[in-house]
Structures are given as C-alpha cells and as structure tokens.
Amino acid sequence: MQRCLECAKKELDRPCVECRYFIQPSPLRRVPSPPVRVFLEDEHGRQYPAHILALNTTEFGLETEAPVPGRYVIRLLESLWIEVAGVPFKGKNNVHVFDILRVHRKQGTARRLSKEEYQLLAGSAGELIQEISRHLPEHLQDLVREKLLAEVEKSELINALKVGKVMKYEGGRFRYLSGQADLDLPMEEAEKLMRQVTRQAEHRREVIISADGQKVFDLHGVPFDHRSGGLLAFDITEVIEKERKMHRQEMQAYREAIAAVTGGRLYLVNGEEMEKVVSEGIELARGEVRRTHDIPEARRAMREALPVLDSRRRHAITLCLTEALANALKHAGGGCWQARQSGDTVRIIVQDRGPGIKNSELARATLMQHYSTKNSLGCGFTLMLYYADYLYLNTGPSGTALALDFGVVPADRLKQDQ
Amino acid sequence: MLKVDVYVARGVCRVVLNGELDVETVAQLQEVVGKAGEHTLEVDLSGVSFVDSTGLKSLLDISNDWRQKGGRMLILRPQPDVAEVMRLVGLDRLLAQNTAPGGEER
C-alpha cells in the first residue's frame, strides 16, 4: 500500500493502468479501449461520472472524482447494477481500485461479475451500447439498450458455444469482440460485406466459400452507424456437408418410395443415369417449345414420326408429350423434346432449364391423383403415370428431364397376335 | 386447332367443338362460354380428337361456374380416347349420361 503513495509523490504522471500493483496482470485482467463510461451513485443519489480503465471479475480500476473511500452503485442496465467500494491505498489522484461487493441482476446477486457481464464490459460491447444509445432521445435509450443487449447476449451465447466469431468493424478495420478466435475468415470478403452494410445501413447476410474451397462461412453484417458495424461469422462447412449427406439420403429414400408406389415404373435418376436414358436408341424427331402454340406443332411432328400404331397408343403418346411440354412451359418457360426408338419401345424426352421440382414437392407433384383440381401439373403427371410404361425423372436446380417409355407393338403385328 | 360453334335454343346453349382442346385452344372455349347466359350448357365433344389436362381443367372450371350460378353443364359424346382420359381424372361425372339419367334431355 506504500507503493501507491510513493508513486503519487515521485511519479505522478505514471498511469496506474500500466502498474502491476494496480489490478494484477492475469488472464482475466482487461483494459477496455476506449475506457467504458459509467456513473457511480452514492447513498444520497449523487452521481459521479467514471471511466473503467481496467477490470477483472472482482475489481474495477476507475478514474473518477468520487471520494475514496466510499461505497457506490454502478448502474449498467435496468436489471444490472453493481455495488463497489473504493480502495484508498490502491491507486492515486483520481484513479483507484474499486472492489466489487455485490452484483445485482434479475436472477439474484453475486460476489463477482459473471462471464457475460465481464465480457460485456471488457469486450466493450457495453461501451458500444452506451455510445450508440447516448445520442438518442431519452425515451428511446432504454429500449435501444435493451435491444442491443439482447443482441450482445446472443453473441455471448455464440461465445459460450464456441461456434462463431463476433467482430466490430469500424472505418475499414476489424476488432475481435468474442467467440471463436481462431476462425480463419476471408477478411477481404468480410470487409466488402461490411462496407456495403455500413454504406447502405442495412443488415446483410452472405455465404462465402474460402479461397481454397475448403470452408464455407455464413456472414452476418449489422450496421451501427455509417462507418461502424458488427460482423457475426459462422463456419458452416460441416453443416453444409451434413445437408448434402441428408439430401443424398433423402433422395435415396424418395427413389425407393416412388419406385415402390408406382410399381417400379417411375424412377428418380441422377444426372449420369439420365445421360444414358436420353441417348439410347435412334432419334425419331425433336423440337423446342417456347410458347403454347409450339405444343400442337410438337404433337403434329410427333404423330408424323411415330411408327404405325393403334390409335389408343398414338393418342397416349401425344397426350403425354403435351403434358410434359405444358409442364416445362409452365415451370421453366419452355424446353426441348425428342422422341427416340429402340426396338419396340418409343421414348419421349422433355428437358428444361427451370428451377427443378423441390424434394418436398416431388411426391405430391408426381403421385397425387386429382391434384388436378388445383394444379394441372399433378393432373398431367397422373396421366403420364397411367399411360407410360416407364418414367425416368431427373430434377435439380439446373433443370428437369423427364423420359417416358411406351411399348409400341406395331398395329399389324398386334392383329397377327390376336 | 379448334373450331367452336354455338347454338342457342329454349334455354340451352350448345357449344360444338371440332379439333383439339388443349393448352393452346382452351381460351377459345372459355371466351364463348363466358358470353353464354343460358341455364343449361352443353359441350359437344364428338368432333374433338384430343383433350389435354388444361382442357380438362377448363371443362371442370366451367362446370363449377355453371353449378354455382344454379345452372348445369353437360358434356356430350366424347370420343373413346377422350372419354378414357376424362374417366382417369374423375371428370366422367360431367358426362351427359351420368348427370342426366333417363335421357330427359333428349
């Protein structure tokens, strides 16, 4: 205790924060930069402004005109206030150590700061909150503070779970606030995002793949003002991997279910399998559809190209071609078709570059009877499922391909058989 | 291609279609029917060689419209291929022989 007195005499200008006897250097000692502004309130309600120069979970190093020794209350938030007592022999002039006596919060009281409260102050989110809400009309201040604190608490959660990283962006520079410190973010992309966020003053979210293609990051930018904001980053590589795996499993389940329900006639095939399906046999005809007028044209071309058949079969093939083309037109703005023959099978193929059928819609779109009354797609598929012998469907975000097989025992041979 | 002829007599509007009723031509039928105000609407399909799901849906919509207005719509004489498609999607109930038993229409 002599040291501080001596220092006050000999080295008046030496900042206490730099002194190892002030608040002992330890992993929990933090020096908020800039210092966090708070108020000390004495038992009579008198308020003294103060700056938190340094802290750990049991002590504050404060710069304040408040008399020491003395007991005060620091109100951080409506539901969070701290009782402190100045320690006269630790510090000099208007800088002193204040012991934390009690921390009062909604959930009860404690002898020290919780991890969240400590980081709120040390990580300077508190300063951020103070800073932002200071310029607001009084009646809005509490509201805004509460909202911001909720945000910070969310980031504390991230911190606790070690799943993300929270950074503050200000004038082109990033400062780490909390969370996963070792997250190796593509900073160039992050900065680009934050520039847009602060310039346009709106929240933005982007999914970014690292330069080596190994990692996927989910970045959230939140603007504070025209030059600063917060960046929330998650490494979602594993999530994406899992999603892909689940998608594959889901597809497999669908394939099996749909094949089973259709008595093994409708197959969901992958792109590679579809390549094979669309290239087997010899081409009879092909065409393109861009508007409804092209559909009767396609039907006419199809009829001309078909081998001699009984009328019911001819009708079935042209009807299915019509339905498939109408779907392509409706959902993809058009598509191309071809008819191929191998042996006694005619295969018609319709391909489009639309957004594809979602997994969740697939069963409904292909299997539900009388979906027709609401949507002609389902009705069309009901017809195709009825008339075609085999159906092959490949669908994804880059388009849909549908192939339908029809057995075409020639009319004359059919007569012989009978 | 679709040819649409309309005959009106004694509260019955008969629409006689010739050709193909599909996504391309369905608007022609809708336009004619939109102008009709008779209690009974008859759609004669004997000259129609082809109806697709859009055509079927349009027939269903027209039938529902007519029922809502307190009238009725009948489909007459579809060709076998067309009748099969109608049966498949459950529209055969709109056929004249089902909705007008006992031949009281004729």
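FYI, it's all coordinate maths here, none of it is from the lab. Worth saying up front: this structure is predicted, and the values here are computed from it rather than measured. Cβ atoms come from the backbone with ideal geometry, glycine included; neighbour counts cover every protein chain shown.
What's the long-distance tail for the range A:2-123, i.e. % of Cα pairs beyond 19 Å? Summing the P(r) tail past 19 Å for the range A:2-123 gives 43 percent. Charged neighbours of residue A:241, selected by a Cβ distance under 12 Å, balance to +2 (K, R count +1; D, E count -1). Taking other residues whose beta carbon is less than 11 angstrom from the beta carbon of residue A:386, and scoring Lys, Arg as +1 and Asp, Glu as -1, yields -1.
Please give the residues of the range A:331-353, grouped as numeric ranges, whose backbone N is less than 15 Å from a label point set 7 Å along the Cα-to-Cβ vector of residue A:262. From the range A:331-353, the list is A:347-351. Taking GluC sites (Glu not before Pro) across the range A:177-241, the ones in a DSSP loop with at most 11 further Cβ atoms lying within 10 angstrom of their Cβ are A:202. From most to least packed by mean Cβ count within 10 Å, the peptides B:50-56, A:313-319 give B:50-56, A:313-319. For peptide B:50-60, the mean count of partner chain Cβ atoms within 10 Å of a residue's Cβ comes to 6. Highest mean first, the peptides A:50-56, A:252-258 sorted by other C-beta atoms within 10 Å per residue fall in the order A:50-56, A:252-258. Take each residue of peptide B:83-90, count the partner chain Cβ atoms within 10 Å of its Cβ, and average: the result is 5. Take each residue in A:318-327, count the other chain C-beta atoms within 10 Å of its C-beta, and the mean is 4.
Run the quick spin-label model on residue A:211 and residue B:67: label points 7 Å from Cα toward the beta carbon, then report their separation in nm to one decimal. Reported label-point gap for residue A:211 and residue B:67 is 6.7 nm. Under the Kirkwood approximation applied to all pairs of distinct alpha-carbon atoms, what is the hydrodynamic radius of the range A:244-338 in Å? In the range A:244-338 this quantity evaluates to 15.4 Å.
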